[in-house]
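Below is one structure, written out as structure tokens; the observations come after it.
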Amino acid sequence: MKQFFLLILFSTLPFSVYADSVYLQPEEFISQSFAGEPPSPSVMYLKGSLRTQIKSILGHNYSKIRIRYWMKGERSVWILEEIGKERPITTGIVVNGEGIERVKILIFRESRGWEVRHDFFTDQYTQAGLGSDHELDTQIDNITGATLSVRAVNKLTRMALLLHQHVADSRA
Amino acid sequence: MRFQSLHFWHRYLGLTAALFVILLALTGLLVQHADQLELDQHYLANHLLNRIYGIEPDSVVSFATVNDWVSQCGETLYLEDRPVLGEYHDLQGAVETMTGIAVAVDHALLLLTPEGEVLDHLTTDNGLPERILGLANSADNSLVVRGLNTYWETDDELLHWAPYTGPHPVWAAPSKIPLDLHRNIQQHNLNQEISWERLVLDLHSGRLFGQYGVYLMDISAIAMLLLAMSGVWLWLQRRV
């Protein structure tokens, strides 16, 4: 009987403590996105109006001023982080042209809301672009019980699209 | 006679419990809307409360750069006496670089602006070659990082890393911080210890006053149960 209770106790531990769940290493995501031949990283500084626009998307300033990205042709890869409820969710986003090509949750640190890592959720972002007021032009279905994580991923995809647009404009 | 006696007890029990009902209702309402009121993001700076909670100031670890002091107290990092956004542990070094102030913290590399904003935060997940244990400036003033196995040098943008092959660098070491700065940092840190949410929750449960506070709240909860039951009983008696 005692062993049974111990088994129950230990089986619930993963749900009661924070643990980083690494689904894919960021460098592996970057490598996959460029078929094993990633370009050198570039850096972008969040300054002036760009910083203000990012702030309006996130509802606060991004956690750092300098962001690195990888770009080849019209495709760019962004590794961005945003807090769902308490801890940052690391997300890899590939933007191609004016739309999203791929979204992948790389590291999940929250105690709940991990359902956003599933392909059925992230596939919704494919081909999504930036509409008016920097909103996504595609409807993203929520996941019950993971609202804050969904909100965080939504913000990050909008941010990646805006950053890509900014880079593309500066290169034009 | 029994009816009058119950009425007497009901009245005085009600008067006694009223204070607790008000306290529980008010704190309950606040707890219910803690997120909207952002109670977890606002702190109380109160010496008496710190004493009640038994909170002592954390120690301060500091590193001197060319122009500034970088310190850690509790989970907060400070540039001079300005807190840096975020929570950090294990401050292991700080040096000035061409791009900003490099800080080794949590085995990662933080780059700060002179105003204390986070310019970049590099970990092994996003660019660092390995966990870092210390920082130094090389003879030509570039950044040298002491990793678990290797010494590394990097470019100004911290984009490319290569094993360092120059002369042995002088690693940044903790220094004694000026007293007034030490005091300001500890005071700021103390002021961040007790959030309004913590206070409201502990008032609601009685834990603010230790185990006896919890017992008091238990008794008041039982008193409220008795009140409800005696109230219903008295009401039924009147109807009969």
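The values are calculated or read from the model by the stated rules, or taken from the named source; none is laboratory data. It should be emphasised that the depicted structure is a prediction, and the values quoted were computed from it without experimental measurement. In this analysis, Cβ positions are derived from the backbone assuming ideal geometry, glycine residues included, and neighbour counts consider all displayed protein chains.
Summary table
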quantity	calculated
Unmet criterion (only one of (1) under 30 Å from B:Lys176 (Cβ atoms); (2) in contact with an Asp or Glu (Cβ under 9 Å, 6 or more places away or on another chain); (3) among the aliphatic types (A, V, I, L, M)) for B:Val60	(2)
Which numbered condition B:Gly116 misses (of (1) of a type outside the set (S, T, N, Q); (2) in contact with a strand residue (DSSP E or B) (Cβ under 6 Å, 6 or more places away or on another chain); (3) exposed (fewer than 15 other Cβ atoms within 10 Å of the Cβ))	(3)
First in the range B:145-160 and away from every other protein chain (no Cβ under 14 Å), second anywhere and surrounded by 13 or more Cβ atoms within 10 Å (Cβ to Cβ) and acidic (Asp, Glu), Cβ under 9 Å, 6 or more apart	B:Val145/B:Glu130; B:Val145/B:Glu153; B:Gly147/B:Glu130; B:Leu148/B:Glu130; B:Asn149/B:Glu130; B:Thr150/B:Glu130; B:Trp152/B:Glu130
Qualifying residue in the range A:38-57 (condition: within 12 Å of the chain's Cα centre (by Cα), at negative phi and in contact (Cβ under 8 Å) with a residue 24 or more places away in the chain)	no
Among the residues listed as B:Gly166, B:Gly147, B:Gly127, the single one being of a type in the set (Gly, Ala, Ser), out of contact with any helix residue (DSSP H, G or I) (no Cβ under 9 Å at 6 or more places or on another chain) and surrounded by 14 or more Cβ atoms within 10 Å (Cβ to Cβ)	B:Gly147
Cβ pairs under 7 Å, 6+ apart, first in the range B:36-59 and outside any helix (DSSP H, G or I), second aromatic (Phe, Trp, Tyr)	B:His42/B:Trp196; B:Leu44/B:Trp196
Test: residue in the range B:206-219 that is polar (S, T, N, Q) and touching a strand residue (DSSP E or B) at 6+ places or on another chain (Cβ under 8 Å)	no
Which listed residue is touching a His at 6+ places or on another chain (Cβ under 6 Å), within 11 Å of chain A (Cβ to nearest Cβ) and not hydroxyl-bearing (Ser, Thr, Tyr), from B:Leu85, B:Leu110	B:Leu110
Residue match in the range B:198-220 (condition: within 14 Å of chain A (Cβ to nearest Cβ), surrounded by 15 or more Cβ atoms within 10 Å (Cβ to Cβ) and outside any loop (DSSP other than H, G, I, E, B))	no
Unique residue being in contact (Cβ under 8 Å) with a residue 60 or more places away in the chain, of a type in the set (D, E, K, R) and under 28 Å from A:Ser40 (Cα atoms) when the list is A:Glu110, A:Glu74	A:Glu74
Residues within the range A:73-128 that are aromatic (Phe, Trp, Tyr), within 17 Å of A:Gln165 (Cα to Cα) and assigned to a strand (DSSP E or B), tallied	1
Pairs, first more than 15 Å from B:Asn67 (Cα to Cα) in the range B:168-181, second modelled with pLDDT under 95 and in a loop (DSSP other than H, G, I, E, B), C-beta under 7 Å, six or more apart	B:Pro169/B:Ser138
